[in-house]
Structure formats: structure tokens, C-alpha cells
Amino acid sequence: VDVMSMIGLKATDKLIQKFYAARPKNAGPSLIDLNTFLAVASEQLLEAQDVTPELIELFEVFDPPAEDGSRSGMVTLKTLRHIMLEVLTPDRLTRAEFEEFITVARLKSEGYGMEDQVKIDYRSLVNNLLIGKPRMNMRVS
């Protein structure tokens, strides 16, 4: 289950059943071999890529266009916290999960007051989350 969350898959009962159903006939009662895991996980990750445009649109709501119509492509860490803890339902994160996420993604700021100054490239964030590597471009303004 930890490996699944590390690559961006949520361990639901339905997904666990897919892993067990894909096992070779001679597998032990609790054994999921690497080939089975990779086959099912890659199928799930490919399906997840279909959400990219919707996630980008969600972030764009929080990134108003400039006068020329362009968007910065950045949101603050505070806005990211709001989106991931309050907007995404039912898949929103708990506070502890969000803190772990920003630590792993190396987005940890020097206190809550700094969250307005740390900006994150949300296109990079979405792409990296979907391939299971939560490291993204950020800058402090």
C-alpha cells in the first residue's frame, strides 16, 4: 500500500482486487509478483493521465489572467494548501498527508506566514504527480 501511494495510486478495495485478480494462477494466497504489480499499476497510471486538463483548469481558477490574457502558471503554497485540503472532494488530503506531501516535494516553507511568498508551477506539479515524482518548480517572491 505504501508503494502504491508513493507512485500516486490510491489503495482502494477495488484496486487491490484488480491486483489480486491479475495474479498468476500458481501465486500464493497473498503474493503479488512484480510483473503483476507493474502491469496493473501502469494501467492505472495511464488512466489517471486523462485528468490532466481538468486539474490544470482547477488551478487556473486560482491563477487569474493578466491583461493580455496569459496566466502565470503559478499558485502560492497557501493556495495549494487550500485546493488540496478544502476544494478537492472526496479525494482531498488530510492536514498530515498535505504536510508529508510538501515535505517530500521539497515545498516546505519557513512557517505559515511564508506560504504567500512560495509560488509553485502548477503544470509541473500536475505532470509530476501523475508520474509519481512530486518535485516541481517553485520560487519565492
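List pairs: first residue in region 59-87 and on the phi < 0 side of the Ramachandran plot and in a strand (DSSP E or B), second residue at pLDDT below 90 and open to solvent by less than 20 Å² (accessible area, probe 1.4 Å) anywhere in the structure, Cβ distance under 8 angstrom, at least six positions apart or on different chains.
Going by the 8 Å Cβ cut-off, the qualifying pairs are MET74/ILE120; MET74/TYR122; VAL75/ILE83; VAL75/ILE120; VAL75/TYR122; THR76/GLU115; THR76/VAL118; THR76/ILE120.
Go through (1) open to solvent by 30 Å² or more (accessible area, probe 1.4 Å); (2) modelled with pLDDT of 85 or more one by one and return the number of the condition LEU85 breaks.
(1)
The values are calculated or read from the model by the stated rules, or taken from the named source; none is laboratory data. Worth saying up front: this structure is predicted, and the values here are computed from it rather than measured. Glycine gets a Cβ as well: all are built from the backbone with ideal geometry, and neighbour counts include every protein chain shown. Ligands, DNA and RNA are excluded from the accessible area calculation, which covers all protein heavy atoms including side chains. Shrake-Rupley method; radii C 1.70, N 1.55, O 1.52, S 1.80 Å.
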